[in-house]
Amino acid sequence: MKILEDRILKEGKALSDSVLKVDSFINHQVDPVLMDQMGKEFAEHFKEKNITKVLTIESSGIAPALTTAAYLQVPMIILKKQTSKILNGEVYQTRITSFTKGTSYELTLYKEYINENDNVLLIDDFLANGEAATGGSRLIEQAGANLAGIGIVIEKSFQRGRKRLIDAGYDVYSLARVAKLAEGIVEFVEE
């Protein structure tokens, strides 16, 4: 998605060979016009998949997932990272480790919002090693639902996440695919 790539080059900050900061337009301050365009692009790409729910992980995936759900005219589900005192066994849970934060946490999906008839689109802000998307897929499978596709805002193509998800049989669509990252340098996959 050229508009996203241009924005990354203009405002993104490559801090190292693994860290790309996009805080000014994606995950701290959010550009609603860009989010709308990304949601439209995801919805267009997955329109033939008969999506019934869009699922994301709190918190940076919420904005693009919401606009995607709006274009698809389906509900959005947020996977929670925090445990709650009111869970009462009515949830699916799986443990994942965040590449960015280097921490592990329980990912939680409330059972009442998903069932075996759902065709789910998972949207996430970044794809590095694929841990978050794999965790989300485990929860969808626990519910007996179908993971129809995975939409990624920014993919670090030089890491193993895409291969891991493709090898698992998932349809992965990324709006921006970063081929190389170094301090002050961002290069995209030529497509």
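The values are calculated or read from the model by the stated rules, or taken from the named source; none is laboratory data. Bear in mind that the values here come from a model prediction, so they are computed numbers and not experimental data. Note: ideal-geometry Cβ built from the backbone for every residue, glycine included; neighbour counts use all protein chains shown. Please note that ligands, DNA and RNA were not included when accessible areas were found on the heavy atoms of the full protein model with its side chains. Shrake-Rupley method; radii C 1.70, N 1.55, O 1.52, S 1.80 Å.
Among the candidates Thr97, Thr108, single out the residue that is under 16 Å from the mean Cα position of the chain (by Cα), surrounded by fewer than 23 Cβ atoms within 10 Å (Cβ to Cβ) and either at pLDDT 85 or above or farther than 26 Å from Lys156 by Cα (or both). Can you show your working first?
Numbers: Thr97 fails: either at pLDDT 85 or above or farther than 26 Å from Lys156 by Cα (or both).
Matching residue, one of Thr97, Thr108: Thr108.
Checked against the criteria, Thr56 counts as β-branched (Val, Ile, Thr), in a strand (DSSP E or B), at pLDDT 90 or above and within 29 Å of Lys2 (Cβ to Cβ). Scanning the range 1-40 for residues that are open to solvent by 40 Å² or more (accessible area, probe 1.4 Å), assigned to a loop (DSSP other than H, G, I, E, B), within 24 Å of Glu190 (Cβ to Cβ) and not aliphatic (A, V, I, L, M) yields a count of 1.
Yes/no per residue for (1) open to solvent by 30 Å² or more (accessible area, probe 1.4 Å); (2) assigned to a helix (DSSP H, G or I); (3) modelled with pLDDT of 95 or more; (4) in contact with a Cys (Cβ under 8 Å, 6 or more places away or on another chain):
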residue: Glu112; (1), (2), (3), (4): yes, yes, no, no
residue: Asn115; (1), (2), (3), (4): yes, no, yes, no
residue: Val120; (1), (2), (3), (4): no, no, yes, no
residue: Asn129; (1), (2), (3), (4): yes, no, no, no
residue: Glu141; (1), (2), (3), (4): yes, yes, yes, no
residue: Ala148; (1), (2), (3), (4): no, no, yes, no
residue: Gly151; (1), (2), (3), (4): no, no, yes, no
residue: Lys163; (1), (2), (3), (4): yes, yes, yes, no
residue: Ile166; (1), (2), (3), (4): yes, yes, yes, no
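For the range 65-94, give me each residue that is hydrophobic (A, V, I, L, M, F, W, C), open to solvent by less than 90 Å² (accessible area, probe 1.4 Å) and either modelled with pLDDT of 95 or more or over 15 Å from Thr134 (Cβ atoms) (or both).
Of the range 65-94, the ones hydrophobic (A, V, I, L, M, F, W, C) are 65-66, 69-70, 72, 74, 76-79, 86-87, 91.
Now restrict to residues that are open to solvent by less than 90 Å² (accessible area, probe 1.4 Å): 65, 69-70, 72, 74, 76-79, 87, 91.
Matches in the range 65-94: Ala65, Ala69, Ala70, Leu72, Val74, Met76, Ile77, Ile78, Leu87, Val91.
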